[in-house]
Amino acid sequence: MKIWDKITINGVAFYEPPSMCGSCPALIIGRNDARGFCSFFDKRKNRWDNTPKRCSELFVKGFALGGDLAITIKDK
């Protein structure tokens, strides 16, 4: 069993990679809503959706690096 260290991404603490969008602390969900708002990527997400590939890769890299991380927008 892998023991994860705590990381923060854009000020949101993670103790383990979430398995679905509903278990991600970055998803803002109302009390009775099935859909929420992802504060990392500004998208509406269903709480039962699997974690997208870009999020999975983000968590793998984030836990490998550790510490406080930030997601930035690439300006074209």
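The values are calculated or read from the model by the stated rules, or taken from the named source; none is laboratory data. A quick note: this is a predicted structure, and the numbers were derived from the prediction, not measured. Note: ideal-geometry Cβ built from the backbone for every residue, glycine included; neighbour counts use all protein chains shown. Heavy atoms of the whole protein, side chains included, go into the accessibility calculation; ligands, DNA and RNA do not. Shrake-Rupley method; radii C 1.70, N 1.55, O 1.52, S 1.80 Å.
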Selection from Gly22, Val12, Asn46, by position along the positive dipole direction of segment 1-49 (Cβ): Asn46
The chain, helix-only ellipticity at 222 nm - DSSP H runs n ≥ 4, -39,500 (n - 2.57), divided by all residues, nearest 500: -5500 deg cm²/dmol
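For an R0 of 22 angstrom, estimate the FRET efficiency from the Cβ-Cβ distance between Ser56 and Lys76 and round to the nearest 0.05.
Working: r = 25 Å, r/R0 = 1.15.
E(calc), rounded to 0.05, equals 0.30.
Figure the gain on full extension for Phe41 and Leu69 (residue separation times 0.36 nm, minus the Cα-Cα span) and round it to one decimal in nm. Each step should come with its number before you reach the end.
Values: separation 28, 0.36 × 28 = 10.08 nm, distance 1.49 nm.
Gain in length upon complete extension: 8.6 nm.
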Nearest 10 degrees, 0 to 90: helix 53-65 Cα axis against the chain principal axis: 30
Solvent-accessible area per residue, Å², over the chain with all protein chains present [probe radius 1.4 Å]: 77
Alpha carbon convex hull of the chain, volume per residue in cubic angstrom: 109
Heavy-atom accessible surface of the chain: percent carbon and sulfur, 1.4 Å: 52
